[in-house]
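The values are calculated or read from the model by the stated rules, or taken from the named source; none is laboratory data. Being a predicted model, the structure only gives us computed values, none of them experimental. Cβ: placed from backbone, ideal geometry, glycine included. Neighbour counts: every protein chain shown. Side chains included, ligands, DNA and RNA excluded: accessible areas come from the protein's heavy atoms. Shrake-Rupley method; radii C 1.70, N 1.55, O 1.52, S 1.80 Å.
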Amino acid sequence: MASTIVNAGPIQGLDYVGLRPAKPLKLNSGRIQIKTRPQRLFTVRASDGDVPIGKTRLSDAECEAAVVAGNVPHAPPAPPKPAAPAGTPVVPLLPINRRPRRNRRSPALRSAFQETSLSPANFVYPLFIHEGQEDTPIGAMPGCYRLGWRHGLVEEVSKARDVGVNSIVLFPKVPDALKNSTGDEAYNDNGLVPRAIRLLKDKYPDLVIYTDVALDPYSSDGHDGIVREDGVILNDETVHQLCKQAVAQARAGADVVSPSDMMDGRVGALRTALDAEGFQHVSIMSYTAKYASSFYGPFREALDSNPRFGDKKTYQMNPANYREALIEAREDESEGADILLVKPGLPYLDIIRLLRDSSPLPIAAYQVSGEYSMIKAGGVLKMIDEEKVMMESLMCLRRAGADVILTYFALQAARSLCGEKR
């Protein structure tokens with residue numbers, strides 16, 4: 001049973017080094033008696049570094065009694081106040097109680113109070129695939145390739161999984177000979193995307209596969225929908241084709257279908273079509289606020305899917321519009337979307353925050369090809385630190401409210417995060 005020290009008063013005539021008296025000490029509290037024996041002296045020194053300080057065989061009660069008696073062991077002094085440089089003016093303290101810099105003064109504090117985190121689990125890795133066996137570099141997107149679906153794709157997915165990225169989205173480069181005005185190749189069960197899905201699911205059953213639902217890679221006109229002879233994009237007829245495309249992708253094993261076409265009513269139609277075919281478990285990530293942006297250029301080179309004429313402004317959103325995103329979000333929510341996506345990402349942080357604040361659904365952001373290529377180009381020209389700008393841009397997307405980020409930096413950023421952890 002533990003003993004207690006009561007009324008241990010000052011001890012006169014004893015010299016101490018650390019907790020050790022220079023001669024035998026006898027304490028009598030009236031309730032217990034503690035005798036000490038002279039042992040090896042010790043002091044506490046900051047300069048000892050990692051060398052452990054030898055223990056002295058004193059009991060807790062003896063240590064406490066010595067401290068109560070005023071014989072406190074030596075410890076390093078408080079560090080001196082750093083001197084300001086010569087010429088620094090002497091001024092009175094500002095009359096402020098709140099100094100936010102206090103919470104930023106050391107790496108440990110900054111880390112403790114960090115509000116936003118970034119993890120490889122937040123990334124969805126966009127991958128371009130083609131029918132060839134070799135991986136073909138994409139000139140406008142340094143570090144990105146059209147991957148051969150049988151070999152290069154599997155190898156790239158393996159690399160991503162090694163650093164914690166287990167979600168991908170597939171974009172096909174379709175041979176021109178398979179394209180037509182109605183995009184029929186989009187729902188071919190033995191087409192490039194369904195084959196790639198089946199291959200990946202056979203190799204990595206737990207891989208989360210997102211797919212793109214739109215006609216532009218399959219259309220001879222390069223538009224996301226069927227084009228009437230006067231140039232008008234047909235809405236309902238296009239949605240009919242998209243439903244067949246989504247079902248074919250789900251049948252192959254897709255986990256999340258992602259309509260990027262911006263046709264009206266397509267989310268509800270896709271949900272109905274998927275459910276009717278027994279794919280109630282397949283999620284829909286709707287490109288809710290996809291803007292008619294100039295940041296998509298490198299992507300269209302990658303897929304050779306530039307519009308043959310005109311632009312996409314009659315179905316993609318006007319970059320000048322903010323409130324319109326709420327209209328799209330409310331429609332997609334009511335029609336059964338599981339995830340709402342904003343595209344592009346960094347130039348549209350306000351839209352990401354708008355949807356985050358107005359919807360309980362997960363929010364996705366697409367850091368598009370133009371954003372990626374600008375950072376890469378700036379890094380090559382030594383105008384910016386590519387690695388730091390990459391990580392900052394991704395953190396900003398998370399801070400704005402994105403739960404997941406589609407980014408071509410997924411592998412590079414995940415490797416950086418893993419390196420930091422090591």
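Key figures
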| quantity | calculated |
| --- | --- |
| Set ASP216, ASP224: member being farther than 17 Å from GLY336 by Cβ, assigned to a loop (DSSP other than H, G, I, E, B) and open to solvent by 10 Å² or more (accessible area, probe 1.4 Å) | ASP216 |
| Any hit, region 309-317, residues being touching a Leu at 6+ places or on another chain (Cβ under 9 Å) and either outside any loop (DSSP other than H, G, I, E, B) or not hydrophobic (A, V, I, L, M, F, W, C) (or both) | no |
| Where a residue in region 367-389 is within 15 Å of PRO126 (Cβ to Cβ) and among the aromatic types (Phe, Trp, Tyr) and its partner, wherever it lies, is open to solvent by less than 20 Å² (accessible area, probe 1.4 Å) and part of a loop (DSSP other than H, G, I, E, B), with Cβ under 6 Å and at least six apart | TYR372/TYR408 |
| Residue within region 301-312 that is more than 24 Å from HIS223 (Cα to Cα) and in contact with a Phe, Trp or Tyr (Cβ under 7 Å, 6 or more places away or on another chain) present | no |
| Yes/no for GLU371 being in contact with a helix residue (DSSP H, G or I) (Cβ under 6 Å, 6 or more places away or on another chain), at pLDDT 95 or above and open to solvent by 20 Å² or more (accessible area, probe 1.4 Å) | no |
| Residue within region 287-301 that is among the β-branched types (Val, Ile, Thr), open to solvent by less than 10 Å² (accessible area, probe 1.4 Å) and either in contact (Cβ under 8 Å) with a residue 12 or more places away in the chain or outside any strand (DSSP E or B) (or both) present | yes |
| Of the criteria (1) buried (at least 16 other Cβ atoms within 10 Å of the Cβ); (2) over 17 Å from the mean Cα position of the chain (by Cα), which one LEU341 fails | (2) |
| Qualifying position, being open to solvent by 100 Å² or more (accessible area, probe 1.4 Å), assigned to a loop (DSSP other than H, G, I, E, B) and at pLDDT 95 or above, among PRO95, PRO85, PRO79 | PRO95 |
| Residues of region 239-295 classified as under 21 Å from TYR204 (Cβ atoms) and hydroxyl-bearing (Ser, Thr, Tyr), total | 2 |
| Any pair with Cβ under 9 angstrom, 6 or more apart, that starts in region 250-262 at a residue that is under 16 Å from ILE168 (Cβ atoms) and ends at one that is modelled with pLDDT under 95 and among the aliphatic types (A, V, I, L, M) | none |
| Candidates LEU381, LEU354 - the one that is at pLDDT 95 or above and open to solvent by less than 40 Å² (accessible area, probe 1.4 Å) | LEU354 |
| Residue count for region 128-187, restricted to those that are part of a helix (DSSP H, G or I) and open to solvent by 50 Å² or more (accessible area, probe 1.4 Å) | 9 |
| Among the residues listed as PRO319, PRO362, PRO259, the single one being in contact with a strand residue (DSSP E or B) (Cβ under 6 Å, 6 or more places away or on another chain), of a type outside the set (A, V, I, L, M) and surrounded by 23 or more Cβ atoms within 10 Å (Cβ to Cβ) | PRO259 |
| Options SER334, SER294, SER305: the member that is hydroxyl-bearing (Ser, Thr, Tyr) and modelled with pLDDT of 95 or more | SER334 |
| Residue match in region 390-405 (condition: among the polar types (S, T, N, Q) and either open to solvent by 10 Å² or more (accessible area, probe 1.4 Å) or touching a residue at least 60 places away in the same chain (Cβ under 8 Å) (or both)) | no |
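Condition check ((1) aliphatic (A, V, I, L, M); (2) modelled with pLDDT of 95 or more; (3) in contact with a helix residue (DSSP H, G or I) (Cβ under 7 Å, 6 or more places away or on another chain); (4) part of a loop (DSSP other than H, G, I, E, B)) across all residues:
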| site | (1), (2), (3), (4) |
| --- | --- |
| ASP236 | no, yes, no, no |
| CYS243 | no, yes, yes, no |
| ALA248 | yes, yes, yes, no |
| ASP264 | no, yes, yes, yes |
| ALA269 | yes, yes, yes, no |
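Residues checked against (1) assigned to a loop (DSSP other than H, G, I, E, B); (2) of a type in the set (Lys, Arg):
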position: SER373; (1), (2): no, no
position: LYS376; (1), (2): no, yes
position: GLY379; (1), (2): no, no
position: MET383; (1), (2): yes, no
position: VAL389; (1), (2): no, no
position: MET395; (1), (2): no, no
position: ARG399; (1), (2): no, yes
position: LEU406; (1), (2): no, no
position: ALA413; (1), (2): no, no
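Residue by residue, here is whether (1) of a type in the set (Lys, Arg); (2) within 25 Å of PHE309 (Cβ to Cβ) holds:
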residue	(1), (2)
ASP176	no, yes
ILE197	no, no
LYS201	yes, no
TYR210	no, no
VAL213	no, yes
VAL227	no, yes
VAL239	no, yes
GLN245	no, yes
ARG271	yes, no
